[in-house]
1. Kindly indicate whether any position in region 8-21 is of a type in the set (Gly, Ala, Ser) and surrounded by 15 or more Cβ atoms within 10 Å (Cβ to Cβ).
2. Taking into account only those residues within region 109-131 that are small (Gly, Ala, Ser) and over 23 Å from the mean Cα position of the chain (by Cα), which is surrounded by the fewest Cβ atoms within 10 Å (Cβ to Cβ)?
3. Looking only at region 37-84, count every residue that is hydrophobic (A, V, I, L, M, F, W, C) and within 13 Å of ligand 1 (Cβ to nearest atom) and tell me the total.
4. Of the residues that sit in region 82-98 and are within 20 Å of residue 166 (Cα to Cα) and touching a Ser or Thr at 6+ places or on another chain (Cβ under 8 Å), which one is most open to solvent (accessible area, probe 1.4 Å)?
5. Quick one: which strands (runs of 3 or more DSSP E) lie wholly within region 19-111 and hold at least 2 residues that are assigned by TED's automatic domain parsing to the domain that holds residue 164?
6. Please indicate, with yes or no, whether at least one residue in region 52-71 is within 23 Å of the chain's Cα centre (by Cα), surrounded by fewer than 18 Cβ atoms within 10 Å (Cβ to Cβ), farther than 30 Å from residue 23 by Cα and not hydroxyl-bearing (Ser, Thr, Tyr).
7. Which strands (runs of 3 or more DSSP E) does region 190-285 wholly contain that include 1 or more residues that are open to solvent by less than 30 Å² (accessible area, probe 1.4 Å) and of a type outside the set (Asp, Glu)?
8. Quick one: count up the residues across region 143-175 that are over 23 Å from the mean Cα position of the chain (by Cα) and under 10 Å from residue 116 (Cα atoms).
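The values are calculated or read from the model by the stated rules, or taken from the named source; none is laboratory data. Since this is a predicted model, take the numbers as computed values, not measurements. Cβ: placed from backbone, ideal geometry, glycine included. Neighbour counts: every protein chain shown. With ligands, DNA and RNA removed, areas are computed over all heavy atoms of the protein, side chains included. Shrake-Rupley method; radii C 1.70, N 1.55, O 1.52, S 1.80 Å.
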Amino acid sequence: MQTLKLAIQKKGRLSEESIKLINECDISFPSSSGKLVTAAYDFPIEILFLRDDDIPDYVQDGVADIGIVGENVLVESGKQVEEVMKMGFGKCRLSLAVPRNMQYNGVQDLSGKSIATSYPRILKNYLDTQQVEADIHVISGSVEIAPSIGLADAICDIVSTGSTLLSNGLKEAEQIFRSEAVLIKNPRLSEEKNAILKSLLFRLEAVKRAQKNKYILLNAPNDNLDKIVALLPGISSPTVQSLAKEGWSSVHSVITEKDFWEIIQQLKEAGAEGILVMPIEKLIY
Ligand code: PRT
Ligand code: ZN
């Protein structure tokens, strides 16, 4: 029987979340502890632990069948792989930043300037669409110090909270690319491997959907039941059961995390009591 080879980052910002998500799909495997590859105990999958920059290459060449990598690394690599699913973690942006004291009125101000980056392809693409000609200076790490040591006038780098820019005397000038971790696949998988991928995706969808929703249980006075039920659109109509206490009902439903606090507040104002909110482990429609 074939196994599906999944490449994840060995050590870095995406490692922990990648492993957590796979484990939440009820797929367990021994920790990497120096190993390059390990097999899962209970699913036909092997995990390859790699540097993130190597993942698109390995997936394109078929050394790995699928991989989890940042869209920034994927697009910069220019490799021919398919993006299958957004993973919902590792969110960041690729931005142009300039020294805080520089007068900046728009990207045209970077014409003729030098920009340090580890993302020359994405940057070049952006500058071309903006019709700006600048000198791209490729460096592989510590990009944020380039302006202060006189290596470049501006930088193009990954930003998350913005504190690295701040502590290096830089300000964000333009956001040029939004990124998150994605699942990629080799476009030429065998039928058998595609079938394994399909069951993995089924589990991943269920886990990701569960993360975005909460199970809610509350007591509602019958007089306000219609109003309370109307506040709970959920995935299907809420379940309503009579309580032993006269004039009260118990209501169960699923709500999305997005409007969570707003809905809870409105439920309370509509007379709901004993509101209990619980995480969902898996959610299948
Ligand atoms: O060793 P390996 O090559 O595998 O790892 P790496 O060092 O190249 O990558 P790593 O682990 O730093 O990041 C992996 C992926 O995480 C990136 O490719 C992005 O998709 C994603 N990601 C999310 C980030 C950040 N957030 C992030 N904040 N990658 C890098 N950063 C760095 C950024 O380079 C800058 O130095 O954090 C700093 C900015 O952070 P703030 O919060 O100060 O703005
Ligand atoms: Zn890397």
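1. For region 8-21, residues of a type in the set (Gly, Ala, Ser) and surrounded by 15 or more Cβ atoms within 10 Å (Cβ to Cβ): present.
2. Selected residue: 112.
3. Adding up the residues that qualify gives 9.
4. 91
5. 92-99
6. The answer is no; no qualifying residue exists.
7. The strands (runs of 3 or more DSSP E) meeting that bar are 213-221, 248-256.
8. 10
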